[in-house]
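The values are calculated or read from the model by the stated rules, or taken from the named source; none is laboratory data. Note that this is a predicted model, so its numbers are computed, not measured. Backbone-built Cβ (ideal geometry, glycine too); neighbour counts: all protein chains shown. For the accessible areas, the whole protein counts, side chains as well, though only heavy atoms, and no ligand, DNA or RNA atoms are used. Shrake-Rupley method; radii C 1.70, N 1.55, O 1.52, S 1.80 Å.
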Amino acid sequence: MLVWSRPGRIVLWMLFALIFGVLFLAPLAVILLSSLADQWNGVLPRGLTTAHYADVARGAAWNSVKASLITGFAASALALVSGTWAALSLRLQGPALKRLLGLLFFIPSAVPSVSVGLGLLVAFSHPPLLLNGTIAIVMISHFVLISAFTFGNVSAGLARLSPDFEQVASSLGARPAYRLWHVTLPLLAPYLVAAFGLSFALSMGELGATVMVYPPGWVTLPVSIFSLTDRGDIFAGAALTMILVAATLILLLGLERVTKRATGA
Amino acid sequence: MSAVTFTGNSVMDIDAAKVRGAGSNVYFDKVSVAYGTHVVLHPLTLDIAPGEILAMIGPSGSGKTTALRAVAGFVRPASGRIRIGATDVTDLPPYERGLGMVVQNYALFPHMRVEDNVAFGLRAQGADKPLIGERVKDALATVGMATFARRYPRELSGGQQQRVAIARALAVRPRVLLLDEPLSALDAQIRRNMVEEIARLHRSLPGLTILYVTHDQTEALTLADKIAIMRDGRVCSHGPTTELYRRPPNRFTAEFLGRANLLPVTVVEGAGPKGFATARHGDVVLTGAGRDERAGDKSLLCIRPQHLSLTADSEHTNRIVGTLREVHWQGELTHLVLDVGGTPVRVSATKLPTALPEPGARVPLFFAPTDTSLLPEDAGV
Ligand SMILES: Nc1ncnc2c1ncn2[C@@H]1O[C@H](COP(=O)(O)OP(=O)(O)OP(=O)(O)O)[C@@H](O)[C@H]1O
Ligand SMILES: [Mg+2]
């Protein structure tokens, strides 16, 4: 903390609590309340119920959870591998090429995700690249949208990695593959985990592109939520949102525990 | 191919290395290095004999690390060849060169225990398990870190990390050990101990050729058989340590190695059969060890600060007079700065006359001809 005086620190904390509370917690709290609300006309809901959860559980909720988790995992894993690969190989290139390719990677994130979905839909609508109506196109769209973040995270990690480690490894006789597996990747592990977590969270919440490309039978949670709220079923949408939040949180926390145990930190 | 030859199952202890340790010489054959158009190493020719410790010293940016990295294989020479033993390694990747390398910040692998760090090279080269076990034990014992095998690097002090880094490099039984400022991250006390330990280590592995890069002249003088002094990407002098110190060939060497005083003089008479020449500074005539100067040559008389005395005796037959400018007392040593005919002259004295002269006083200085050497004025590269 840079502020040493007690009143100063209290003011800072209050400011922080205010911003965090208003911008982050309030919307979540409202959604949580709606998911439990019997009716909500005034300032606060009238009566609490778990009926909405029962409703969505009877509906296609579990299929949506499954679709989202599988899509998230597959797209994130793919993005992790290719983003890491790209970061590792770009490191060997000249600075100009590095900057150009680095920028290209981020273009999909600058374009509305709906456009990305549309682009994929058009691009893969003819044989031999006929992917419309498949699960693959959902995963591809997620992959395109999130790979920039894995690339960015891993590149940042690599940039902070002292070349000494790899050079010492080489001088001790480690060939490139051995060195990559036993030195570079373990040293990058925290960045890889962070990259995976971020991609996974992004994929779990992805809507714009998914709406354009999803096939019947592969309705992800955000798409379900969207169609529920679109139909005016706000409370059910809120219940499903809470399920989405819970699933993502449980997964990210689990991931953290696993890597903590693996790296012995 | 593996750069290290494993003799198989048997335990290779330090003695075996001694026997095997014919060592390898490192030969720079007109090696130059450029980054883009910026030449940082001008064609360098240098031979490091098997089993020799060569200290490469010089100011920051003079190209020491670049020369070392060229041997290790991390910078490609723009021209010239590098040979290690009989092998031309210029086009070999680093992992086939059979070297050990220790860098300034140790670069221990943080995710591996000490023993796994030390085993790294052998594992990477596919050595058998029992051999790895023995070698790791040996290497850790050599640097006195056997009891720390199960620790992680973050649980070690700087000096201990450095020992592990050396053990890791030694475990692969390298032909040549490259050390790039290995002690500069340590504080003065530990550094002195480590220098002594590296000296001891080399006595137990006499076949090991060591290229030791440093900008610390004390480390170089203590450890090295030979010293190469780098300046602006060139070797400006190279020779046996004591000789380079006693008879520096040029101004830069004399000043960089031990901060010698250099008095401008004019040669009166070249060196005679005993090797002594006479030269004039102002209106005093001084005697010093000469080379091939001839009467009338402009020259520099090199005198080390610790060789100047404030008191006369039969050895110290040369006498100059200067004006005392500064006195710095440092416990066991007292440093004086005098002005001798416009040239600042430093004196490091252990014993002082009881009545210390005041700044501004005219003070005579005495020194022995054997403690001096003449070097040419224009040779300062
Ligand atoms: N990757 C690089 N790109 C461009 N120039 C470089 C690079 N590495 C080193 N140089 C330049 O090469 C010159 C020699 O550098 P080098 O690292 O060999 O110096 P050094 O003698 O080891 O110095 P120090 O004592 O500070 O470690 C310096 O002028 C430096 O700026
Ligand atoms: Mg250096």
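Below are the figures for this structure:
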item	result
Burial ranking of peptide ranges A:252-258, B:216-222, B:51-57 (average Cβ count within 10 Å, highest at the top)	B:51-57, B:216-222, A:252-258
For B:72-78, mean number of other protein chain Cβ atoms within 10 Å	2
Kirkwood-type radius of segment A:60-186, with distances r between different C-alpha atoms, in Å	16.7
At least 15 Å along the helix axis (C-alpha) and Kyte average at least 0.0, DSSP helices within chain B	B:114-124
Average other protein chain Cβ within 10 Å of Cβ, residues A:174-187	3
Those aspartates and glutamates that a straight Cα-Cα span of less than 14 Å connects to B:Lys137, excepting residues fewer than 8 apart in one chain	B:Asp13, B:Glu115, B:Asp116
Cα-centre dipole for segment A:60-263 with unit charges at Cβ (Lys and Arg positive, Asp and Glu negative), debye to 20	500
Solvent-accessible heavy-atom area per residue, rounded to whole Å², over the protein assembly as shown at 1.4 Å	49
Label-zone membership for segment B:214-243, site B:Thr90, 7 angstrom Cα→C-beta point, backbone N under 14 Å	none
FRET efficiency, 1/(1 + (r/R0)^6) with R0 41 Å, evaluated for B:Lys274 and B:Arg362 via beta carbons	0.80
Alpha-carbon centroid distance for the pair segment A:6-36 / segment B:279-355, whole angstrom	76
Dipole of the protein assembly as shown, positive direction: furthest Cα of A:Val114, B:Ala224, B:Ala185, with charges on the beta-carbon	A:Val114
Listed residues B:Met194, A:Leu104, A:Gly197: farthest to the positive end of the dipole of the protein assembly as shown (Cβ charges)	A:Gly197
Estimated buried accessible area (total), pair B and A, 1.4 Å, Å² to nearest 100	1900
Reduction of at least 50 Å² in accessible surface, 1.4 Å probe, comparing all protein chains with the chain by itself, residues of segment B:91-122	B:Tyr95, B:Met101, B:Phe109, B:His111, B:Phe120
Most mobile listed residue (B:Ile82, B:Ile198, B:Ile48) in chain B, GNM with C-alpha springs under 10 Å	B:Ile198
For B:Tyr106, residues with placed amide H under 5 Å, excluding near neighbours	none
Accessible-area order (highest first, 1.4 angstrom probe) of the listed residues B:Asp47, B:Asp187, B:Asp283	B:Asp283, B:Asp187, B:Asp47
B:Gln306/A:Thr134 FRET efficiency (R0 56 Å; Cβ-Cβ; nearest 0.05)	0.10
Relative contact order of segment B:230-336, defined on C-alpha pairs under 8 angstrom at six or more residues apart (%)	19
Estimated [θ] at 222 nm from DSSP helical runs (n ≥ 4, -39500 (n - 2.57)) normalised by residues in the protein assembly as shown, nearest 500	-14000 deg cm²/dmol
Separation of alpha-carbon centers, segment A:104-139 and segment A:189-209, rounded to whole Å	18
Candidates B:Ala277, B:Ala199, B:Ala188: whichever shows maximal mean-square fluctuation once chain B is modelled as a Gaussian network with Cα springs under 10 Å	B:Ala188
Part-to-part distance (alpha-carbon centres) for segment A:80-102 and segment B:154-218, which is given in Å	36
Span-rule helices in chain A, defined as complete DSSP H runs reaching 27 Å or more along the axis (Cα) with Kyte mean at least 0.0	A:61-90, A:135-160, A:185-205, A:234-263
The protein assembly as shown - percent of accessible surface contributed by carbon and sulfur, probe 1.4 Å	62
Mean separation of Cα contacts under 8 Å, 6 or more apart, over the residue count of segment A:60-263: relative contact order %	34
Cα-projected label distance for A:Leu161 with A:Leu32, points at 7 Å along beta-carbon direction, nm	4.0
Rounded to the nearest 20 debye, dipole of the protein assembly as shown from Cβ charges on Lys, Arg, Asp, Glu	720
Exercise: per-residue mean of other protein chain Cβ atoms within 10 Å, B:45-53	0
The protein assembly as shown - share of DSSP beta bridges that are antiparallel (%, nearest 5)	75
Most mobile of B:Thr147, B:Thr278, B:Thr214 in a GNM of chain B (Cα contacts under 10 Å)	B:Thr147
About the Cα centre, charge dipole magnitude for chain B (Lys/Arg +1, Asp/Glu -1 at Cβ), debye	700
Listed residue (B:Pro273, B:Thr311, B:Gly290) projecting farthest to the positive dipole end of segment B:256-351, Cβ model	B:Gly290
Relative contact order, percent, segment B:160-211 [alpha-carbon distance under 8 Å, six or more residues apart]	49
Surrounding net charge for A:Ile234, when Lys and Arg each add one and Asp and Glu each subtract one, Cβ distance under 14 Å	-3
For chain A, alpha-carbon Rg relative to the globular expectation (2.2 N^0.38 Å, N residues)	1.22
Mean shadow area of chain B over all directions, Cα convex hull, nm²	22.6
Overall Cα dimensions of the protein assembly as shown, principal axis frame, Å, largest first	112, 68, 50
FRET efficiency estimate (nearest 0.05) - Cβ-Cβ, A:Gln39 to A:Trp62, R0 25 angstrom	0.40
